[in-house]
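In what follows, a single structure is set out as structure tokens and then discussed.
FYI, it's all coordinate maths here, none of it is from the lab. This is a predicted model, so every value here is computed, not measured. Note: ideal-geometry Cβ built from the backbone for every residue, glycine included; neighbour counts use all protein chains shown.
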There are 2 protein chains.
Amino acid sequence: MNSKSIAASVSFSEEKMKKNAIFDSPHLFYDTYCLLPSQAQKVHAHEGSDKIYYVLEGTGRFTVGDEEQDLSAGNAVIARAGEPHGVRNDTEENLVILVTMAPRPT
Amino acid sequence: MNSKSIAASVSFSEEKMKKNAIFDSPHLFYDTYCLLPSQAQKVHAHEGSDKIYYVLEGTGRFTVGDEEQDLSAGNAVIARAGEPHGVRNDTEENLVILVTMAPRPT
């Protein structure tokens, strides 16, 4: 059975935000995004895919569309296909996010 | 911004396993499944959709394909399109699972 510990996937890079794959299929990506203080994922959009960010640890400043909001552990947000989205870690703590994207971008 | 507290979605039913919608789009479902002791989701399959179970609280006995495994909080498992899957709560504690399904079944 293809089971995974989410915590075991958590890994940071001093260089930039690190994406760690948990599951990957033709239908979706399921990853952790790990951001050290001051790291970010730039605002961007996927024309045909939705993305859900679910904060597992820390607090991120999320952009979806033209809105910005701080979300801390336990909160999730969806960026629907075509909506610009991004996240940055403006805090002094690490940020870990569980990210689902569907369908998998081509 | 469409943000949600995952904990706020958690709700049980004495009658049967309760599914609580968090996000819903043409591309995916994102729900919590809440199982009281002895509740279950029967083994079933979706021909065109993958499902990921991520245990948030408690321990579930998961079936994927012809395998069974106990997974506790912090662990996730994928049932790929066409694979039979289900879960039951054989413990005396509540079970809360974050479930992603993609694409949304038609």
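For a paramagnetic label modelled on B:S11 (point 7 Å from Cα along Cα→Cβ), amide N atoms under 20 Å away belong, within segment A:75-106, to A:75-78. Pairs spanning more than 29 Å between alpha-carbon atoms, out of A:K16/B:K19; A:K16/B:K18; A:K4/B:K42; A:K4/B:K4; A:K42/B:K19: A:K16/B:K19; A:K16/B:K18; A:K42/B:K19. Among chain A residues, the one whose Cβ is nearest the axis of the rotation from A to B, given with its distance rounded to whole Å, is A:A102, 2. Sorting the segments B:1-7, A:9-15 by their mean number of nearby beta carbons within 10 angstrom, highest to lowest, gives B:1-7, A:9-15. Across the identical copies, the 7 Å label point of B:K19, projected outward along Cα→Cβ, sits 2.8 nm from its counterparts, in ascending order. If R₀ is 25 angstrom, what is the calculated FRET efficiency for the pair A:K19 and B:Q69, using the beta carbon separation as r and rounding to 0.05? Computed FRET efficiency for A:K19 and B:Q69 comes out at 0.40. Here the spin labels are modelled as points 7 Å beyond Cα on the Cα-Cβ line, and at B:T106 and A:N2 they lie 2.4 nm apart.
Ascending distances from the B:M1 label point to its copies in the other chains, with the point 7 Å along the Cα-to-beta-carbon line: 3.6 nm. Separation of segment A:55-106 and segment B:15-79, taken as the distance between their Cα centroids, equals 23 angstrom. Distances from A:Q69 to itself in the other copies, using label points 7 Å out along the Cα-Cβ axis, amount to 3.4 nm in increasing order. Peptide A:28-41 is shielded by partner chain Cβ atoms: per residue, an average of 1 of them sit within 10 Å of its Cβ.
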